[in-house]
Structures are given as C-alpha cells and as structure tokens.
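No value in this document is a laboratory result; all are computed from the given coordinates. Bear in mind the structure is a predicted one, so any value in this text is a computation, not a measurement. FYI the Cβ positions are ideal-geometry reconstructions off the backbone, even for glycines, and counts take in every protein chain you see.
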Amino acid sequence: MGVLVDLNGVSKSFKRGGQAISIFDGLSMQIEDGDFIAIMGPSGSGKSTLLNMLGGIDRPSAGAITFRDERVDNKSEGAMAKFRARNIGFIFQFYNLMPTLSAARNVELPLLLTKLSGGERKKRVKTALELVQLSDRAHHKPRALSGGQQQRVAIARAIVSDPAMLLADEPTGDLDRKTADEILGLMQTLNRSLGKTIVMVTHDPAAARFAKRELHLDKGRFEERLSG
Amino acid sequence: MNALAQIGAVIGLNLQSLPQRFWMSAATVIAVALAVGVMLAFQSISAGFQATVRGSGSTEIAVISREGSGGSELNSAVSLDEMRILSGAPGVKLGPDGAPQMSGELYVIVDGRRKSGPEKVNLPLRGVGAAAAGFRDGFTITQGRMLQFGANELIVGEGVLEEFTGFEIGSVVRLGDADWNVVGAFTAPATVFDSEIWGDGAIVQNVFDRQGSVQTVRLRLDGPEGLQKLTDYVAADSRFNVIVETEADFFADQGGAVGFLAVVGTVLGVIMGIGSLAGALNTMFASVSARTREIATLRTIGFGGLSAFAGTFVESIVLALLGGLLGVGGAFLLFNGLTASTLGAGFTQVVFAFKVTPDSVVQGVGLALIIGVLGGLAPGLRAARAPLLAVNAA
C-alpha cells in the first residue's frame, strides 16, 4: 500500500468582520491506498472543511496537498474539475441526486465526463447498481426511493467511474440506525472487497466503528485511534 | 472529456426541471408572447393596409391628376378639355375600336355607417364610365349585375358590403340629392377599389355638381416607353396643369399614412420586450437559485462551468422562443386575414385585411430570441460561478 494523499502543513482560515479566523493551522496527515478513515470531532473543528479540501472543492490557505505525488491544491478550476472527475467519488449527507433523473441516469452522470460509449456507460451503471443492490430500482426517480435507497444510488454514482478515493460527508446523518448500518456495511464492503480508499466525516461513533481508523480533529490537531 | 455530452446533460436537466418552476416559467413565456403578439398585431395592420393600397396600382396604367393635388383624388380636377387633348396623346394604348383606352373618373365622398357602430364615416363614390372596370385587374361582379349607364344605379365593393350597412343588393340609398338603386357587388381583389361605391360618372357629375371636369384620368400605356412619351407630350403643352405618373406610383405614397403603425408596434414590442426581459431574468435567477445545490453537485462531480452556463442559457432561450412562437401563433390566429377599415389618403374608408407577414414573424421570433439571450446571460454566469461548497447545503 502506498500513500494516496499527503497533507503537509495545511492551514485554513477565513475572514469574518475583518478578522481572520483560523480553522486549523499546519495540519499534516497521510492517507494510504485502501484506507477507510473516519474523521470525527466537535462542530466547527473543520472536519467538513478538511474533506472539502481533500476533494478539491475548497483550497487551503497555506500548505500543500498531493495526490499520488502530484500537487493538486494549486490547480486551476478546470484542472481541478478534471482531477475530481478522475479520482474522487463524493457521497453527501443529503444524497444530492438530480430529482428529475432516474436512478440509472443519476449514476451515469460521472460517466458523461468520460469518453465511454453509451453501451459501455450502461454496462457500468448496471454493475454499480448491482453492487449497491438496487438493480430493480434503476428506473425509479429519487422521490420514489427511500432515504437509504437514495444514498445507495449516490454511492453507486460515486463508484461508477472507479475513482481512487471516496469522500463521504455524514453519509448516514439523515438515516435511521438500521438503514445507516446497511449503508456503512456497504461502504465497508467497498473498502474491503474493492480496495476503495474512503474518508468519511461523521459525528456518529457507531458509524466511525465501520472504518479502519478514526481521526479526531479538535482545535486544529488530529488524535488517531484504531477501530474496526 | 465529452464536452458536448456534459452540456447536453445539463441542458436536459434544466429543461426537465421546468415543471418544478411551472408558473414562473409560464409567466415568462406569456410575457414574451404578449410583447411579440402586440408587435405583430400593429405590424399586421400596417402591412395589410399598405399591401391593399400599394397593390391597387398598376405600372401599365398612367394616372393624370391635377398638379398640387398631393396625390389625393379628392383634391384633383382634370378639365374635360384636358381630357379631350389627352385622348390624342402618344404612349396610350388603343382599343379594338381604335380609340385610346382611357377612363375619366369622379371621386366624391358620401356617408356610410359601419356595421359595428352608429357613427357616420366617409365612403368613396366613384363616378365611372364603361371603361373603368377594364382598368382594374380581376374586376368581377360577385353579386347582382353591372350597373346600367344612364340610370341611378350603384354597384358596391365587397369590402363595403362586408363592413358597412345600408348598401345591400336591392336597397335604395340616398346620395347627394338623388336616390340610387344598389344593383350589384363587385370585387377588385385586395385593392382600395373594393372599398368603393361606383355609379355612372355622368350622373354623379350632375348630382354632385361637378360638370366640366373629372378628378382623374386613367390611360392604359402602350408599352414601357408609354409613360415617358405621355409625360413629354403633357410637358410640351402649356394647356396642361397636371401630373402624369403610373398608377403604382400614385398609390405608393398613400400607404405611408398607416406606416407609422409599424413603428408604433415595434416600439411597443420593444418596450414590452424589456418588461419580459425583466421577467425572464427573474425566472432564470430563481431557477439558478432553486438549483444551486444541483449545479454545485454537478460541478463537484467534475462538470465544467461552461455546461452550467449552457444549461441556464439554453433554458432562457427555450422559454423565450416558446413565448415568441406563442405570440406569433396568437397574432396569426387572431389578426391575420381580419378585415377592418380605416381612413385612407382620400379621407375615405379603406377596407383591408390584416397581414402577418413573414418579415414580421422573423422580427417577432428575433425579439423573443434577444429576450432569451439577454435573459440567460447573467443567470448563466451566476450558474457557472455557483459556489462548490453549496453542495453541502441542506
């Protein structure tokens, strides 16, 4: 296993009312290929900000982020979009599915950014939906699906283009315990069987136990615990 | 990366989500439709009137009118002496009997009443001779019979029958100090003559006290050089105080009176277009606002700003074009072919059909397109710049 992501002395601050507020300062960490990390911490500790920076939708104020030895934090907007499309799968708390598209069309979206043919795209969508056990809901629109099913569709969308890393921000925050465990079990399977690297932000200690490692972020510092 | 597929997907998403903003989108469509419809309505009046007036003139016929009459038959007078001299003029086609083809005509105003209201309006009564019908292309008696010369008989244009009351076939009308029998109806399709009443020129002269003159003389030209020969002939003879021009030129200037309606229509259309533009902008900003998380999600997945821009931009254009087509369709159904009458150059009513022309349609769709483009630009840019962090919005 090699290092997939390296954060080196990363800081993030923003200005409010003319005053600079630091979220974290000089944060460093490494994410190994095949890791499943749960990032926990109190509200405002910067968990989601960290996840956003890992996913290239936010940038550090200082420091460097490298992905497979390539610096990514200083890429242009266009290059960053391509980086995200090739390497990152996103799983959101509120699923973020397109309400007018069927489950299959939602899952297909990332593949529209590739040069795959229509037939190849269909095949991949079918496989992804089978993986999340939603083949029979392929033509349903999100409003016809339960919360858990919607999150499964979102996971299928995140993995369909076979990205190296999945980023999940409170993926079970909107689900009941039983459904949450099913979703977390699915993520665990993706990590163990398919070797997907997963970084998950959660408030829920029960959710964090599905990960291989727990990182607690507080006052701009990490404290690591092993779990699973 | 398949840029076109990206753009196509985002455009599809935008258009598929239109029902979620149905009423706001419908309001934009209707506002654009009204702007385009009003513009086309005014233009159809102008185009219809001008087509009728300008279509009345032939290039093979010369009209002789008094100098200074300003192109109005009502103000013109050509003496019978002048008419006699004209009968020997060069450039004039001769009939089978060897006589010059000419028609001296009187033009007086009589009262009429619209079917739609009680107020009196001016109608033209043309005093004609037997040759007059031959000077109107497509002249046909459509009901009853041709008037009998030497009798107080009238024939009326189809436009008069359609728009005005009291001139039905068989009725007796009092014009001047005489009673006249309406014996027939005629058409000279899509010309001002359809709005006229015709009677025997000699009787009209007597009843309306116009002895010694007619108002215009029509002469059929013997070829392309006929007009020049006739003009030279008239110019060389100091007894004439007349203008010689083709009938086409004589009527060409008379369409201008209603031409301003086209300008009014365009100005109104543009003003209403600005109002619809505000509506389109509002709708599109609301669309972007409602879909910020969707847009941010797509961009987070890797879709470019261009596709987000295109989705919103095309949605705006589609809404505006729908409005444009609705406006064009509405104007066509409501106005095209609708007949009305208005005051022509001779202070008399001219019956004409509204005409939604291809040019107007192009202008209407063009106006809609401009509204769509302008209404989509700024919201499209906002969509392209939607903050990626909105992806986490609840």
Specify the angular offset, from 0 to 90 degrees and rounded to the nearest 10, of the alpha carbon long axis of helix A:147-159 from the longest principal axis of the alpha carbons in chain A. 80 degrees
Taking the inverse of the average 1/r across all pairs of different Cα atoms in the stretch B:26-83, what Kirkwood radius in Å do you get? 15.2 Å
By how many degrees, between 0 and 90 and to the nearest 10, does the Cα long axis of helix A:118-131 differ from the longest principal axis of chain A? 80 degrees
Would you work out which of B:Phe208, B:Val29, B:Met39 lies farthest towards the positive end of the dipole of the protein assembly as shown, given +1 charges on the beta-carbon of Lys and Arg and -1 on that of Asp and Glu, about the Cα centre? B:Val29
Pairs of alpha-carbon atoms within less than 8 angstrom and 6+ residues apart define the contacts here; what relative contact order does the stretch B:68-240 have, in percent? 32 percent
Relative to the longest principal axis of the C-alpha atoms of chain B, give the angle of the C-alpha long axis of helix B:256-290, reported between 0 and 90° and rounded to the nearest 10°. 10 degrees
Only counting other Cβ atoms within 10 Å, I'd like B:Asp200, B:Asp81 sorted with the fewest neighbours first. B:Asp81, B:Asp200
Ratio for the protein assembly as shown, C-alpha Rg to 2.2 N^0.38 Å, reads 1.62
Rounded to the nearest 20 debye, dipole of the stretch B:68-240 from Cβ charges on Lys, Arg, Asp, Glu: 20 debye
Just tell me how shielded A:88-100 is by partners: mean number of partner chain Cβ atoms within 10 Å of each residue's Cβ, no decimals. 5
Could you work out, residue by residue across A:104-110, how many beta carbons of other chains sit within 10 Å of that residue's beta carbon, and then give the average as an integer? 3
XL table A:Lys12/A:Lys82; A:Lys82/A:Lys115; A:Lys75/A:Lys115; A:Lys15/A:Lys212; A:Lys178/A:Lys212; Cα-Cα > 25 Å flagged, in table order, is A:Lys15/A:Lys212
Amide H of A:Val201 versus every other amide H placed in the peptide plane: which residues, excluding those fewer than 5 positions away on the same chain, fall under 5 Å? A:Ile39, A:Ala168, A:Asp169, A:Glu170
CD proxy, 222 nm, chain B: helix-only mean residue ellipticity via -39,500 (n - 2.57) per DSSP H run with n ≥ 4, per residue, nearest 500, stands at -16000 deg cm²/dmol
Highest mean packing first, using Cβ neighbours within 10 angstrom, the peptides A:217-223, A:51-57 sort as A:51-57, A:217-223
Along each principal axis, Cα extent of the stretch B:1-55, largest first, Å: 60, 29, 10
What lysines sit close enough to B:Lys355 to cross-link, taking a C-alpha to C-alpha distance under 25 Å and skipping anything fewer than 8 places away on the same chain? B:Lys115
Taking only C-alpha positions in chain B, Rg and Dmax in angstrom work out to 30.2, 97
Rg(Cα)/(2.2 N^0.38 Å) for the stretch B:6-116, N = residue count: 2.18
Name the residues of the stretch B:187-206 whose amide N is less than 18 Å from a point 7 angstrom out from the Cα of B:Ala178 along the C-beta direction? B:197-206
Which three extents, in angstrom, do the Cα atoms of chain A have along their principal axes, listed largest first? 50, 41, 38
Which whole-number percent of Cα pairs in the stretch B:68-240 have a distance greater than 22 Å? 47 percent
Along the stretch B:369-385, what does the Karplus equation 6.51 cos²θ - 1.76 cosθ + 1.60 (θ = phi - 60°) give for ³J(HN,Hα), rounded to whole Hz, x for Gly and Pro? 5, 4, 4, x, 5, 5, x, x, 4, 5, x, x, 5, 5, 5, 5, 9
Quick check on the protein assembly as shown: of the DSSP beta bridges with both residues there, what percent are antiparallel, nearest 5%? 70 percent
Answer with one residue from A:Ser28, A:Ser45, A:Val72: the one whose Cα lies farthest towards the positive end of the charge dipole of the stretch A:9-85, charges on Cβ with Lys, Arg +1 and Asp, Glu -1. A:Ser45
Estimated FRET transfer efficiency (A:Asp176, A:His140; beta-carbon r; R0 25 Å; 0.05): 0.80
GluC sites (Glu not before Pro) within the stretch B:149-180: which are DSSP loop residues with at most 16 other Cβ atoms inside 10 Å? B:Glu168
One finds the C-alpha centres of the stretch B:158-195 and the stretch B:264-327 to be spaced, in Å, by 54 Å
